[in-house]
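A short reminder: the numbers here are calculations on the coordinates, not readings from a lab. Computed from a prediction, not measured in an experiment: that's the story for all the values here. Positions of Cβ are backbone-derived with ideal geometry, glycine not excepted, and every protein chain shown enters the neighbour counts.
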Amino acid sequence: MVYVQDFDGNPLMPTEKYGSVRIMLRTGRARVVKSCPFTIQLTTEKRRYTQPVSLGVRCGSRRIGLSATTEKKELLCAAGELRTDIVDLLSTRRESRRTRRSRLRHREARFDNRVSTKKEGWLPPSVRSRMDFHLKMVDWVRRILPVTTVTFEVGSYDIQKIKNPDISGEQYQQGEQLAFWNVREYVLARDGHKCQHCKGKSKDPVLNVHHIESQKTGGDAPNNLITLCETCHKAYHRGEIDLKVRRGNSFRDAAAINVVKNAVYRKAIQSLDGCSVCRTYRYVTKHRRINAGLENDSYTDYRVISGNLAAMVSDSVFALRQIRRHNRQIHKANILKGCRLKKNQAPYLVFGYRLNDIVLFKSNRCIITGRRSSGSFALKDLETGDRYAAVSYKRLSLLQVCNRTVVFNQKRGMSGVSSARLKTGVSTPNES
């Protein structure tokens, strides 16, 4: 799939006519603006023919999924991992600054200037980073595809529906059992998708939701449900085991899970101009997927979220990883005797190269994983994964400057997104 932009940089419909693309590039009627995903921009013609494109986004605190589809075809599928080191880095910075005050002499006490400085809508840095990454990925897709509708899957369950079953709406009127699917997904997520009796020792992958009290007396309330594997569930009904659990009534964990997802949805309504923004829940996605007879796969769920269940599946998936552009000195400084700081940090540029830059070495695409002041770099091949311990910077050619997000292409058959593989990439969403 080759993605196309018009003369002004607006997205057009992608094409699979590779011969026409080669001719346009050879004759100067188009130029390459991105290598992954491969995107060209028309330099002479001003076309503006587009079709409605729906973008489905599965929100998460650690992973995000994207699928852009039309009624007939899936145009793009992507999965990415978010940063999880922000809280630890902030703690390290706080410790360093506090110990610095005790190391310096004759320093007056700092006045309290941090009272009531948080503005309305303030979010912790870790939550704000995740929210920004979600919106950045949506904007990345909108720059290469003419997206008209964005649907966010903002949670596994609808906590308001659990508290008030009388809430009305289209997504609550799709079947008699749909409400129970919502509660079931909440209970599974609350219990960490693990049997609460054997804690996974039975190795049974099938999970059931068990009523602590009978359904007739206790109902389908979440505090009356518990996750059991099928082995323990059958053993309980045979009278072989005894469950030592009681009904609970706390929804605190549900509120914590949905902080990031709700923040993304609210921000998207304000920032995504020209797009229709709506939301759904994972129990609705699961219900629609089962009714349509589709396979149980995360990439399939992304397509279901977009709303086009009959769209022809894309062969490849773009994997994304959010990374740090540079290491801060405050996170790597060591305190020596005499209150001296030892800088354990490489310069921002070493012979013109940064960490995670994409370079050409022996006709192969590689990523820089380490640099030395002597000019000897550590590389990793993007195709084979081979590592090179010491390569002179003189043998490298810069292909692409690193940004905060690394993108590469992989086959759909690969299971999940490998964290080791995601550390390398072939493109960044912000390249021009």
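Side notes on the structure shown:
- Computed from the Cβ-Cβ distance with R0 of 41 Å, the FRET efficiency linking SER397 to SER61 stands at 0.60.
- Hz values of 3J(HN,Hα) by residue in segment 379-385 - Karplus curve (6.51, -1.76, 1.60), Gly and Pro given as x: 10, 9, 6, 6, 8, 9, x
- Alpha-carbon Rg/Rh ratio, for segment 346-402, with Rh computed the Kirkwood way: 0.91
- Counting charges near LEU55 (Lys, Arg +1; Asp, Glu -1) among other residues having Cβ under 15 Å from its Cβ returns a value of +1.
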